[in-house]
Amino acid sequence: MEKRKVIFSGMQPSGSLTLGNYLGALKNWVSLQSEYDSYYCVVDMHAITVPKEPKDLRRNTLEVLANYIAAGLDPEQVTLFIQSHVPAHAELAWILNCFSYYGELSRMTQFKDKSKKQDSNAITAGLFTYPVLMAADILLYQADLVPVGEDQRQHLEITRDIAQRFNNRFSETFTVPEAYISKDVAKIMSLQDPNSKMSKSDSNENAYILLMDKPDVIRRKFKRSVTDSVGVVNYTDEQPGIKNLINIYSKITNKQPEEIAGEYQGKGYAELKEDVAEVVIEELKPIQEKIDYLLKNKDYLEKIYIEGAQKAEIAAQKTLRKVKRKVGFISR
Ligand code: TYM
(Lines give C-alpha, C1' and ligand atoms only; values in the text may rest on other atoms or scores of the structure.)
Protein backbone atom coordinates (compact mmCIF):
# COMPACT_ATOMS: atom_id res chain seq x y z
CA MET A 1 0.00 0.00 0.00
CA GLU A 2 1.21 3.49 -0.81
CA LYS A 3 2.22 5.49 2.26
CA ARG A 4 -0.33 8.15 3.13
CA LYS A 5 0.83 11.74 2.94
CA VAL A 6 1.46 13.50 6.23
CA ILE A 7 -0.15 16.70 7.49
CA PHE A 8 1.05 18.81 10.38
CA SER A 9 -0.45 22.00 11.74
CA GLY A 10 -0.99 23.83 15.00
CA MET A 11 -2.54 26.78 16.79
CA GLN A 12 -1.28 28.90 19.62
CA PRO A 13 -3.22 28.85 22.89
CA SER A 14 -2.74 32.60 23.16
CA GLY A 15 -6.44 33.11 23.88
CA SER A 16 -9.74 31.62 22.76
CA LEU A 17 -9.88 30.76 19.07
CA THR A 18 -11.46 33.21 16.64
CA LEU A 19 -13.67 32.81 13.62
CA GLY A 20 -10.47 33.54 11.62
CA ASN A 21 -8.72 30.49 13.10
CA TYR A 22 -11.79 28.40 12.40
CA LEU A 23 -12.56 29.45 8.83
CA GLY A 24 -8.94 30.02 7.81
CA ALA A 25 -7.54 26.75 9.15
CA LEU A 26 -9.54 24.47 11.44
CA LYS A 27 -12.44 23.90 9.05
CA ASN A 28 -9.94 22.82 6.37
CA TRP A 29 -8.22 20.46 8.79
CA VAL A 30 -11.52 18.71 9.40
CA SER A 31 -12.15 18.23 5.69
CA LEU A 32 -8.64 16.81 5.13
CA GLN A 33 -8.52 14.40 8.08
CA SER A 34 -9.68 11.22 6.38
CA GLU A 35 -7.19 11.38 3.50
CA TYR A 36 -3.96 12.04 5.36
CA ASP A 37 -1.88 10.89 8.25
CA SER A 38 -2.52 14.00 10.37
CA TYR A 39 -0.83 15.56 13.40
CA TYR A 40 -2.49 18.55 15.04
CA CYS A 41 -0.74 20.23 17.90
CA VAL A 42 -1.52 22.90 20.49
CA VAL A 43 1.67 24.96 20.37
CA ASP A 44 2.04 26.08 23.98
CA MET A 45 5.79 26.66 23.58
CA HIS A 46 5.08 29.24 20.88
CA ALA A 47 2.54 30.95 23.15
CA ILE A 48 5.20 31.90 25.74
CA THR A 49 7.22 33.94 23.21
CA VAL A 50 5.16 36.90 24.45
CA PRO A 51 4.17 37.45 28.11
CA LYS A 52 1.51 34.99 29.24
CA GLU A 53 -0.11 34.27 32.62
CA PRO A 54 0.48 30.60 33.59
CA LYS A 55 -3.15 30.01 34.60
CA ASP A 56 -4.40 31.49 31.32
CA LEU A 57 -1.98 29.33 29.36
CA ARG A 58 -3.21 26.20 31.12
CA ARG A 59 -6.85 27.10 30.48
CA ASN A 60 -6.33 28.13 26.86
CA THR A 61 -4.30 25.01 26.05
CA LEU A 62 -7.17 22.72 27.10
CA GLU A 63 -9.67 25.02 25.41
CA VAL A 64 -7.85 24.84 22.07
CA LEU A 65 -7.71 21.05 22.30
CA ALA A 66 -11.45 21.01 23.04
CA ASN A 67 -12.03 23.36 20.08
CA TYR A 68 -10.18 20.98 17.75
CA ILE A 69 -12.38 18.06 18.76
CA ALA A 70 -15.60 20.09 18.87
CA ALA A 71 -14.97 21.44 15.36
CA GLY A 72 -14.87 17.86 14.11
CA LEU A 73 -11.32 16.49 14.36
CA ASP A 74 -11.69 12.84 15.29
CA PRO A 75 -9.10 11.65 17.83
CA GLU A 76 -9.48 8.13 16.42
CA GLN A 77 -8.31 9.34 13.03
CA VAL A 78 -5.80 12.08 13.80
CA THR A 79 -3.06 12.58 16.37
CA LEU A 80 -3.89 15.45 18.75
CA PHE A 81 -1.24 16.56 21.21
CA ILE A 82 0.36 19.36 23.18
CA GLN A 83 3.72 20.60 21.87
CA SER A 84 5.55 20.75 25.22
CA HIS A 85 4.71 17.07 25.83
CA VAL A 86 7.07 16.02 23.04
CA PRO A 87 10.54 17.35 23.96
CA ALA A 88 11.86 16.50 20.48
CA HIS A 89 10.34 19.82 19.31
CA ALA A 90 12.66 21.82 21.55
CA GLU A 91 15.65 19.63 20.74
CA LEU A 92 15.24 19.86 16.98
CA ALA A 93 14.53 23.60 17.26
CA TRP A 94 17.94 24.09 18.90
CA ILE A 95 19.72 22.16 16.18
CA LEU A 96 17.85 24.06 13.46
CA ASN A 97 18.69 27.36 15.20
CA CYS A 98 22.26 26.55 14.29
CA PHE A 99 21.25 26.29 10.61
CA SER A 100 19.13 29.44 10.50
CA TYR A 101 20.43 32.93 9.86
CA TYR A 102 19.98 36.16 11.73
CA GLY A 103 19.32 37.93 8.42
CA GLU A 104 16.47 35.71 7.27
CA LEU A 105 14.82 35.74 10.71
CA SER A 106 15.06 39.54 10.78
CA ARG A 107 12.97 39.67 7.61
CA MET A 108 9.96 37.85 9.08
CA THR A 109 7.01 40.24 8.92
CA GLN A 110 5.25 38.59 11.87
CA PHE A 111 8.33 39.19 14.05
CA LYS A 112 8.47 42.80 12.91
CA ASP A 113 4.76 43.32 13.63
CA LYS A 114 4.80 41.59 17.00
CA SER A 115 8.01 43.24 18.17
CA LYS A 116 6.60 46.67 17.30
CA LYS A 117 3.84 46.01 19.82
CA GLN A 118 6.36 45.27 22.63
CA ASP A 119 8.68 47.53 24.57
CA SER A 120 12.03 47.10 22.76
CA ASN A 121 13.67 45.79 25.96
CA ALA A 122 10.99 43.08 26.24
CA ILE A 123 11.41 41.44 22.83
CA THR A 124 12.56 37.92 23.64
CA ALA A 125 15.00 35.70 21.76
CA GLY A 126 12.10 33.21 21.67
CA LEU A 127 9.99 35.62 19.64
CA PHE A 128 12.88 36.08 17.22
CA THR A 129 13.49 32.35 16.72
CA TYR A 130 9.77 31.49 16.73
CA PRO A 131 9.83 30.43 13.04
CA VAL A 132 12.63 27.96 13.77
CA LEU A 133 10.53 26.18 16.39
CA MET A 134 7.71 26.13 13.87
CA ALA A 135 10.07 24.58 11.29
CA ALA A 136 11.03 21.94 13.88
CA ASP A 137 7.33 21.16 14.51
CA ILE A 138 6.72 20.51 10.84
CA LEU A 139 9.97 18.78 9.86
CA LEU A 140 9.92 16.33 12.79
CA TYR A 141 6.88 14.61 11.28
CA GLN A 142 8.20 14.68 7.69
CA ALA A 143 5.01 16.59 6.81
CA ASP A 144 4.10 16.90 3.15
CA LEU A 145 1.36 19.44 3.68
CA VAL A 146 0.76 22.23 6.20
CA PRO A 147 -2.76 23.68 6.17
CA VAL A 148 -2.62 27.27 7.45
CA GLY A 149 -4.05 30.73 6.79
CA GLU A 150 -2.35 33.23 4.49
CA ASP A 151 -0.53 34.95 7.39
CA GLN A 152 1.68 31.86 7.87
CA ARG A 153 2.94 31.69 4.28
CA GLN A 154 6.29 33.34 5.04
CA HIS A 155 6.90 30.95 7.93
CA LEU A 156 6.32 28.04 5.57
CA GLU A 157 8.84 29.52 3.12
CA ILE A 158 11.56 29.72 5.76
CA THR A 159 10.72 26.16 6.89
CA ARG A 160 11.32 24.99 3.32
CA ASP A 161 14.59 26.96 3.13
CA ILE A 162 15.86 25.46 6.39
CA ALA A 163 14.88 21.92 5.30
CA GLN A 164 16.59 22.29 1.93
CA ARG A 165 19.70 23.80 3.50
CA PHE A 166 19.98 20.89 5.94
CA ASN A 167 19.36 18.32 3.18
CA ASN A 168 22.03 19.91 0.98
CA ARG A 169 24.55 19.94 3.81
CA PHE A 170 23.92 16.38 5.12
CA SER A 171 21.98 14.46 2.40
CA GLU A 172 18.20 13.89 2.29
CA THR A 173 16.83 14.15 5.82
CA PHE A 174 13.64 16.16 5.76
CA THR A 175 10.59 16.15 3.50
CA VAL A 176 10.28 19.69 2.13
CA PRO A 177 6.68 20.65 3.04
CA GLU A 178 4.10 22.55 1.00
CA ALA A 179 1.73 25.14 2.45
CA TYR A 180 -1.94 24.33 1.96
CA ILE A 181 -3.75 27.66 1.91
CA SER A 182 -7.32 27.63 0.64
CA LYS A 183 -7.54 30.14 -2.18
CA ASP A 184 -10.98 31.52 -1.51
CA VAL A 185 -10.88 32.61 2.12
CA ALA A 186 -7.30 32.53 3.30
CA LYS A 187 -7.70 35.60 5.47
CA ILE A 188 -10.65 36.64 7.58
CA MET A 189 -10.33 40.32 8.34
CA SER A 190 -10.98 42.39 11.46
CA LEU A 191 -14.59 43.56 11.78
CA GLN A 192 -13.30 46.98 12.85
CA ASP A 193 -10.52 47.43 10.31
CA PRO A 194 -11.13 45.31 7.22
CA ASN A 195 -7.55 45.93 6.03
CA SER A 196 -5.98 43.98 8.90
CA LYS A 197 -6.52 40.33 9.82
CA MET A 198 -8.94 39.20 12.51
CA SER A 199 -6.77 38.45 15.52
CA LYS A 200 -7.48 37.47 19.12
CA SER A 201 -4.71 39.83 20.26
CA ASP A 202 -6.62 42.86 18.93
CA SER A 203 -7.19 45.38 21.73
CA ASN A 204 -10.74 46.05 20.47
CA GLU A 205 -12.94 43.04 21.16
CA ASN A 206 -15.46 44.13 18.53
CA ALA A 207 -12.78 43.33 15.94
CA TYR A 208 -13.10 39.57 16.34
CA ILE A 209 -15.66 36.83 16.85
CA LEU A 210 -14.59 34.15 19.32
CA LEU A 211 -15.80 30.60 18.77
CA MET A 212 -17.25 30.81 22.28
CA ASP A 213 -19.14 34.10 21.76
CA LYS A 214 -22.84 33.97 22.67
CA PRO A 215 -25.45 34.68 19.95
CA ASP A 216 -26.27 38.20 21.16
CA VAL A 217 -22.56 39.09 21.27
CA ILE A 218 -22.12 37.79 17.71
CA ARG A 219 -25.13 39.84 16.52
CA ARG A 220 -23.82 42.97 18.20
CA LYS A 221 -20.29 42.61 16.78
CA PHE A 222 -21.54 42.12 13.22
CA LYS A 223 -23.99 45.01 13.60
CA ARG A 224 -21.10 47.29 14.58
CA SER A 225 -18.78 45.99 11.87
CA VAL A 226 -17.11 48.68 9.79
CA THR A 227 -18.22 48.86 6.14
CA ASP A 228 -18.24 51.83 3.74
CA SER A 229 -20.46 54.58 2.38
CA VAL A 230 -21.11 53.08 -1.07
CA GLY A 231 -24.47 51.67 0.04
CA VAL A 232 -24.59 48.84 -2.52
CA VAL A 233 -23.47 45.26 -1.80
CA ASN A 234 -20.62 44.35 -4.20
CA TYR A 235 -17.91 41.70 -3.94
CA THR A 236 -14.88 43.88 -4.64
CA ASP A 237 -11.57 45.00 -3.11
CA GLU A 238 -12.94 48.54 -3.11
CA GLN A 239 -15.36 47.50 -0.34
CA PRO A 240 -13.17 45.39 1.98
CA GLY A 241 -15.64 45.37 4.89
CA ILE A 242 -18.48 44.04 2.75
CA LYS A 243 -16.11 41.66 0.99
CA ASN A 244 -15.08 40.21 4.35
CA LEU A 245 -18.73 39.69 5.40
CA ILE A 246 -19.44 37.93 2.11
CA ASN A 247 -16.33 35.78 2.53
CA ILE A 248 -17.48 34.66 5.97
CA TYR A 249 -20.95 33.91 4.62
CA SER A 250 -19.48 32.05 1.64
CA LYS A 251 -17.05 29.93 3.63
CA ILE A 252 -19.85 28.74 5.92
CA THR A 253 -22.58 28.14 3.33
CA ASN A 254 -20.32 27.08 0.41
CA LYS A 255 -22.18 29.56 -1.81
CA GLN A 256 -20.11 31.52 -4.31
CA PRO A 257 -19.32 35.10 -3.19
CA GLU A 258 -20.72 36.61 -6.42
CA GLU A 259 -23.98 34.72 -5.95
CA ILE A 260 -24.30 36.07 -2.41
CA ALA A 261 -23.60 39.63 -3.61
CA GLY A 262 -26.33 39.12 -6.24
CA GLU A 263 -28.87 38.13 -3.58
CA TYR A 264 -28.32 41.43 -1.75
CA GLN A 265 -28.95 43.73 -4.70
CA GLY A 266 -31.45 46.35 -3.62
CA LYS A 267 -31.00 45.44 0.05
CA GLY A 268 -29.12 47.37 2.72
CA TYR A 269 -25.95 46.53 4.65
CA ALA A 270 -27.97 45.97 7.82
CA GLU A 271 -29.71 42.97 6.29
CA LEU A 272 -26.43 41.43 5.14
CA LYS A 273 -24.93 41.91 8.60
CA GLU A 274 -27.93 40.32 10.29
CA ASP A 275 -27.89 37.33 7.95
CA VAL A 276 -24.14 36.75 8.30
CA ALA A 277 -24.56 36.85 12.08
CA GLU A 278 -27.31 34.21 11.92
CA VAL A 279 -25.26 31.91 9.67
CA VAL A 280 -22.30 32.17 12.05
CA ILE A 281 -24.49 31.55 15.11
CA GLU A 282 -25.96 28.41 13.51
CA GLU A 283 -22.52 27.13 12.49
CA LEU A 284 -21.06 27.68 15.96
CA LYS A 285 -24.00 26.39 18.00
CA PRO A 286 -23.17 22.65 17.91
CA ILE A 287 -19.47 23.42 18.29
CA GLN A 288 -20.09 25.52 21.39
CA GLU A 289 -22.24 22.83 22.97
CA LYS A 290 -19.52 20.29 22.38
CA ILE A 291 -16.79 22.59 23.74
CA ASP A 292 -18.82 23.09 26.94
CA TYR A 293 -19.28 19.35 27.27
CA LEU A 294 -15.57 18.59 26.67
CA LEU A 295 -14.35 21.21 29.12
CA LYS A 296 -16.45 19.54 31.79
CA ASN A 297 -14.82 16.20 30.93
CA LYS A 298 -11.18 16.92 31.60
CA ASP A 299 -10.40 13.20 32.04
CA TYR A 300 -11.38 12.56 28.45
CA LEU A 301 -9.21 15.46 27.22
CA GLU A 302 -6.33 14.13 29.30
CA LYS A 303 -6.66 10.69 27.73
CA ILE A 304 -6.59 12.25 24.25
CA TYR A 305 -3.48 14.36 24.83
CA ILE A 306 -1.58 11.58 26.59
CA GLU A 307 -2.24 9.07 23.82
CA GLY A 308 -1.56 11.75 21.21
CA ALA A 309 1.84 12.59 22.70
CA GLN A 310 2.78 8.90 22.77
CA LYS A 311 2.03 8.51 19.07
CA ALA A 312 3.68 11.82 18.14
CA GLU A 313 6.77 10.95 20.17
CA ILE A 314 7.43 7.82 18.12
CA ALA A 315 7.33 9.66 14.79
CA ALA A 316 9.31 12.60 16.16
CA GLN A 317 12.07 10.45 17.67
CA LYS A 318 12.63 8.70 14.39
CA THR A 319 13.51 11.97 12.69
CA LEU A 320 15.42 13.38 15.66
CA ARG A 321 17.69 10.32 15.89
CA LYS A 322 18.54 10.68 12.22
CA VAL A 323 19.28 14.40 12.60
CA LYS A 324 21.51 13.89 15.64
CA ARG A 325 23.51 11.25 13.83
CA LYS A 326 23.94 13.44 10.76
CA VAL A 327 25.21 16.48 12.66
CA GLY A 328 27.74 14.30 14.50
CA PHE A 329 26.30 13.81 18.00
CA ILE A 330 27.41 10.59 19.69
CA SER A 331 24.46 8.36 20.56
CA ARG A 332 24.24 6.78 23.98
P1 TYM B 1 -2.04 31.07 15.02
O2 TYM B 1 -2.23 30.42 16.34
O3 TYM B 1 -1.85 32.54 14.96
O4 TYM B 1 -3.26 30.72 14.08
C5 TYM B 1 -3.68 29.39 13.89
C6 TYM B 1 -4.14 29.21 12.45
O7 TYM B 1 -5.23 30.09 12.15
C8 TYM B 1 -4.92 30.85 10.98
N9 TYM B 1 -5.50 32.18 11.14
C10 TYM B 1 -6.26 32.79 10.22
N11 TYM B 1 -6.69 32.39 9.01
C12 TYM B 1 -7.48 33.23 8.34
N13 TYM B 1 -7.87 34.46 8.79
C14 TYM B 1 -7.45 34.90 10.00
N15 TYM B 1 -7.83 36.09 10.45
C16 TYM B 1 -6.61 34.05 10.78
N17 TYM B 1 -6.03 34.17 12.00
C18 TYM B 1 -5.35 33.01 12.19
C19 TYM B 1 -3.40 30.89 10.92
O20 TYM B 1 -2.93 31.12 9.61
C21 TYM B 1 -3.05 29.52 11.42
O22 TYM B 1 -3.11 28.57 10.38
N23 TYM B 1 2.66 30.03 13.94
C24 TYM B 1 1.34 29.47 13.94
C25 TYM B 1 1.22 28.25 14.83
C26 TYM B 1 2.16 27.14 14.50
C27 TYM B 1 2.10 26.30 13.38
C28 TYM B 1 3.19 25.38 13.52
C29 TYM B 1 1.26 26.24 12.28
C30 TYM B 1 3.21 26.74 15.26
N31 TYM B 1 3.84 25.67 14.68
C32 TYM B 1 3.43 24.40 12.57
C33 TYM B 1 1.52 25.23 11.33
C34 TYM B 1 2.58 24.34 11.48
C35 TYM B 1 0.40 30.52 14.48
O36 TYM B 1 0.77 31.43 15.16
O37 TYM B 1 -0.88 30.32 14.22
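The values are calculated or read from the model by the stated rules, or taken from the named source; none is laboratory data. Source: prediction; values computed, not measured. FYI the Cβ positions are ideal-geometry reconstructions off the backbone, even for glycines, and counts take in every protein chain you see. Surface areas here come from the heavy atoms of the whole protein model, side chains and all, with no ligands, DNA or RNA. Shrake-Rupley method; radii C 1.70, N 1.55, O 1.52, S 1.80 Å.
Counting other Cβ atoms within 10 Å, which chymotrypsin sites (Phe, Trp or Tyr not before Pro) in segment 68-132 have at most 15 and lie in a DSSP loop? The partial results should precede the final answer.
Working: sites: Y68, F81, W94, F99, Y101, Y102, F111, F128; in loops: F99, Y101.
Of the chymotrypsin sites (Phe, Trp or Tyr not before Pro), the ones in loops of segment 68-132 whose Cβ has at most 15 other Cβ atoms within 10 Å are Y101.
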#### Entry: When each of K55/K303; K52/K296; K116/K223; K197/K223 is checked by Cα-Cα distance, pairs over 27 Å
K116/K223
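Please give the contour-minus-distance gain from D193 to F99: 0.36 nm per residue of separation, less the Cα-Cα distance, rounded to one decimal in nm.
Values: separation 94, 0.36 × 94 = 33.84 nm, distance 3.82 nm.
Value of the extension gain: 30.0 nm.
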### Summary
Under the Karplus relation with 6.51, -1.76 and 1.60 and θ = phi - 60°, whole-Hz ³J(HN,Hα) for segment 253-259, x at Gly and Pro, equal 8, 6, 7, 5, x, 5, 5
### segment 225-241 versus segment 162-178: alpha-carbon centroid distance in Å
45 Å
#### Entry: Distant-in-sequence amide H partners of M189 (H built 1.01 Å from N, under 5 Å)
M198
### Message
Using only the heavy atoms of the protein chains and a 1.4 Å probe, how would C98, C41 rank by accessible area, largest first?
### Response
C98, C41
### Summary
Phi angles of segment 101-118, converted by Karplus (6.51 cos²θ - 1.76 cosθ + 1.60, θ = phi - 60°) into ³J(HN,Hα) in whole Hz with x for Gly and Pro, give 10, 3, x, 5, 5, 5, 8, 5, 5, 5, 5, 4, 5, 5, 6, 5, 7, 9
### Query
With every protein chain in place, what's the accessible area of D202 (1.4 Å probe, Å², nearest 10)?
50 Å²
### Task
In square nanometres and to one decimal, what's the mean projected area of the convex hull around the Cα atoms of segment 205-292?
5.6 nm²
### Query
Per residue of the chain, what 222 nm ellipticity follows from adding -39500 (n - 2.57) for every DSSP H run with n ≥ 4, rounded to the nearest 500?
-16000 deg cm²/dmol
### Query
Using a 1.4 Å probe, how large is the accessible area of M198, given in Å² and rounded to the nearest 10?
10 Å²
### Gyration tensor (alpha-carbon) shape descriptor, segment 256-323, a/c threshold 1.5
oblate
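Considering only DSSP beta bridges where both residues belong to the chain, give the percentage that are antiparallel (nearest 5). Intermediate results must be reported in sequence, preceding the final value.
Details: 2 of 16 bridges.
Restricted to the chain, the bridges split so that about 10 percent are antiparallel.
Taking segment 1-99, which GluC sites (Glu not before Pro) meet the DSSP loop condition and have no more than 16 other C-beta atoms within 10 Å? Before the final figure, lay out the partial values.
Values: sites: E2, E35, E63, E76, E91; in loops: E2, E35, E76.
Sites meeting the loop and neighbour criteria: E2, E35, E76.
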### Message
For a quick check of understanding: with a 1.4 angstrom probe and all protein chains in place, what accessible area in square angstrom does S203 have, to the nearest ten?
### Response
120 Å²
### Summary
Rounded to the angstrom and largest first, Cα extents along the principal axes for the chain equal 72, 44, 44
### Query
Ordered by residue, what ³J(HN,Hα) values in Hz, to whole numbers, does segment 199-209 give under the Karplus form 6.51 cos²θ - 1.76 cosθ + 1.60, where θ = phi - 60° and Gly and Pro are x?
9, 5, 8, 4, 6, 9, 6, 6, 6, 10, 9
### Query
Once you sort the root eigenvalues of the Cα gyration tensor of segment 43-176 as a ≥ b ≥ c, which label holds: rounded (a/c under 1.5), prolate (a/b larger than b/c) or oblate (the other case)?
oblate
